[in-house]
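Asker: Structure incoming, see below.
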Amino acid sequence: MSSIIEMFLIKIKYLIRLTIYNGYLINRNMKLSLVIPTYNEKGNVQKLIEKIQEEFKENKIDGEIIIVDDNSPDGTGRILENLKKKTKNLIVVHREGKLGLSSAVLEGWKMGSGEIFGVMDADLSHPVEKIHELYNPIKNGDADFTIGSRYVKDGKIENWNFKRRVMSKTATYFSRPFTNVRDPMSGFFMIRKDCVNFKDLNSKGFKLLLEIILKSKYKHLKEIPITFTDRTLGKSKAGKSEIIFYLENLCGYKKYVRRGVKEFFKFSLVGLIGAVINLGVLYLLTEYVGIYYLFSAIVAFVIAMTHNFFLNKVWTFGEEMKSSVCKKYIKFSVISIFALIVNLIFLYFFTEIIGIYYLISQVLAIGISLMINFFGNKFLTFKK
Ligand code: GDD
Ligand code: MN
């Protein structure tokens, strides 16, 4: 009897190993729903769809293409209807008018039956041959979010004029307080469907990716370098209203500000209050108590530093008031004094050697010593 059970168990183990080996368990059904929003793309859609089909076939991607057309006046919709007859994995969604890029993507995903949701532009700006590089890591469980990125090593932009480069870079810098993703303005990305929190997403404007980065639950995000090539046919649809929507969205992202950025602002503010305290004490002790001003300055420095220490401990870095005060106070003082010395050295260097006006030199020198103070204390005194 027991040998029958043993045989049975061995057989089950073998079957489990076989399914894992063949990828059925790890890679169970990872279909891709790739959305492509279109508005006046009649010269691009057919070529794009053909290229995507080839990419799907070559890399054995189980994928569907969902095109969301906003009643393009150039007749893109009609071309799509014809293509649909010949293509079984093509879904076409027609909307009544130009309702915006982000909302088109979300609407397309609603139609998707895949476990992985993706998006790319219709104007052949995004390299179709990179689809599998975004898809495979998610399929294999190495990532749950992949972004085709122009701003990581080996990423590039081709044929963009100076204005577009500056606009894109500026928009990207504006997103830095919220995310360390290098290219959160990309329009080419994939994510596991169950990571997306659809309810919270704001569908106004062009910048859906940043919304998703901030509002989704994912563990492994990968940026894959791509070369973005400017369209050769048709015109870009990004206009002034897109900039306004973007700025509007940014204003609503207050609660998503990264911890390090918040800490830096609080730390700077504490430093500013400390400087006012320093000057106040110096004035009071010198004028009213009659202490020699250089001694007053030392006392003022110690008082301001002590204020900075406690406020940073409790407010900036969120620590308990009483935890290891002595040890941390000594570290904080050493870093403050070191930063002060560096400040003086740079003040001297900028003024005497480079010849900058001394007040401007001091602004630069304060900037440098602030960095030393902040990073020194964040990573040495108040490290988590
Ligand atoms: N359905 C629909 N509705 N599609 C739209 C709309 C719209 O209102 N507006 C634009 N599209 C489509 C275009 O047809 C194209 O396929 C894609 O969205 C991107 O639009 P472009 O007009 O090519 O915009 P772009 O080149 O300025 O913007 C691209 O670069 C940005 C990064 O710099 C896009 O990739 C953006 O997604 C990306 O953020
Ligand atoms: Mn484009």
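The values are calculated or read from the model by the stated rules, or taken from the named source; none is laboratory data. Everything numeric in this text was worked out from a predicted model, so none of it was measured. We place every Cβ from the backbone using ideal geometry, glycine too, and count neighbours over all the protein chains shown.
Asker: Restricting the stretch 337-363 to residues that are of a type in the set (A, V, I, L, M, F, W, C) and over 21 Å from PHE301 (Cβ atoms), which is surrounded by the most Cβ atoms within 10 Å (Cβ to Cβ)?
Answerer: Here the answer is PHE350.
Asker: Restricting attention to the stretch 248-270, which residues are in contact (Cβ under 8 Å) with a residue 40 or more places away in the chain and not aromatic (Phe, Trp, Tyr)?
Answerer: Selection gives GLU248, ASN249, LEU250, GLY252, VAL257, ARG258, GLY260, VAL261, GLU263, LYS266, SER268, VAL270.
Asker: Only one of VAL152, VAL93, VAL166, VAL119 is over 24 Å from ASN29 (Cβ atoms) and touching a residue at least 12 places away in the same chain (Cβ under 8 Å). Can you tell me which?
Answerer: Result: VAL152 is the single residue among VAL152, VAL93, VAL166, VAL119 that is over 24 Å from ASN29 (Cβ atoms) and touching a residue at least 12 places away in the same chain (Cβ under 8 Å).
Asker: Would you mind finding the one in MET111, MET120 that is within 16 Å of ligand 2 (Cβ to nearest atom) and at pLDDT 95 or above?
Answerer: Criteria check complete, one pass: MET120.
Asker: Here is a follow-up. Would you call ASN82 of a type in the set (S, T, N, Q) and free of Cβ contacts under 8 Å to residues at least 24 places away in the same chain?
Answerer: Here the answer is yes, as ASN82 does meet what is asked.
For every residue, the table says whether it meets (1) within 14 Å of ligand 1 (Cβ to nearest atom); (2) surrounded by fewer than 23 Cβ atoms within 10 Å (Cβ to Cβ).
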| site | (1), (2) |
| --- | --- |
| GLU54 | no, yes |
| ILE67 | yes, no |
| ASP70 | yes, no |
| HIS94 | yes, yes |
| ALA104 | yes, no |
| MET111 | yes, yes |
| ASP123 | yes, no |
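Asker: When the residues of the stretch 365-384 are filtered to those that are under 29 Å from the mean Cα position of the chain (by Cα) and of a type in the set (A, V, I, L, M), which remaining residue is farthest from SER324 (Cα to Cα)?
Answerer: Among those that are under 29 Å from the mean Cα position of the chain (by Cα) and of a type in the set (A, V, I, L, M), it is ILE368.
Asker: Considering only the stretch 203-223, state which residues are buried (at least 18 other Cβ atoms within 10 Å of the Cβ) and away from ligand 1 (no atom under 15 Å from the Cβ).
Answerer: LEU214, SER216, LEU221
Asker: Next up: Could you please find all residues in the stretch 151-200 being within 16 Å of ligand 2 (Cβ to nearest atom) and of a type in the set (Lys, Arg)?
Answerer: Within the stretch 151-200, LYS156, LYS163, ARG164, ARG165 qualify.
Asker: Another question, if that's okay. What do you reckon, is SER149 at pLDDT below 95, surrounded by 14 or more Cβ atoms within 10 Å (Cβ to Cβ) and closer than 25 Å to GLU248 by Cα?
Answerer: Considered against the rule, which asks whether it is at pLDDT below 95, surrounded by 14 or more Cβ atoms within 10 Å (Cβ to Cβ) and closer than 25 Å to GLU248 by Cα, SER149 comes out as no.
Asker: Starting from the stretch 225-243, keep only residues that are closer than 22 Å to SER149 by Cβ, then list their pairs with residues that are of a type in the set (S, T, N, Q) and within 14 Å of ligand 2 (Cβ to nearest atom) whose Cβ atoms are within a distance under 7 Å, requiring at least 6 positions of separation or different chains.
Answerer: PHE228/SER125; THR229/SER125; THR229/ASN159; ASP230/SER125; ASP230/ASN159; ARG231/SER125
Asker: Let me ask another. Could you tell me which of the residues GLY280, GLY271, GLY290, GLY239 is farther than 30 Å from ASN140 by Cα, more than 19 Å from the chain's Cα centre (by Cα), small (Gly, Ala, Ser) and surrounded by 17 or more Cβ atoms within 10 Å (Cβ to Cβ)?
Answerer: GLY271
Asker: So which of LYS98, LYS85 ends up being surrounded by fewer than 21 Cβ atoms within 10 Å (Cβ to Cβ), more than 25 Å from the chain's Cα centre (by Cα) and within 16 Å of ligand 2 (Cβ to nearest atom)?
Answerer: On inspection, the qualifying residue turns out to be LYS98.
Asker: Considering only the stretch 153-169, state which residues are buried (at least 16 other Cβ atoms within 10 Å of the Cβ) and within 20 Å of HIS220 (Cα to Cα).
Answerer: Hit for the stretch 153-169 is GLY155, nothing else.
Asker: Could you tell me which of the residues GLU263, GLU223 is closer than 27 Å to PHE310 by Cα, at pLDDT 95 or above, away from ligand 2 (no atom under 16 Å from the Cβ) and under 19 Å from the mean Cα position of the chain (by Cα)?
Answerer: Result of the check over GLU263, GLU223: GLU263.
Asker: Need a quick list: strands (runs of 3 or more DSSP E) entirely within the stretch 99-200 having at least 1 residues that are among the small types (Gly, Ala, Ser).
Answerer: Qualifying strands (runs of 3 or more DSSP E): 116-119, 145-149.
Asker: Within the stretch 308-349, can you find the residues that are in contact (Cβ under 8 Å) with a residue 60 or more places away in the chain and among the acidic types (Asp, Glu)?
Answerer: Answer for the stretch 308-349, where residues must be in contact (Cβ under 8 Å) with a residue 60 or more places away in the chain and among the acidic types (Asp, Glu): just GLU319.
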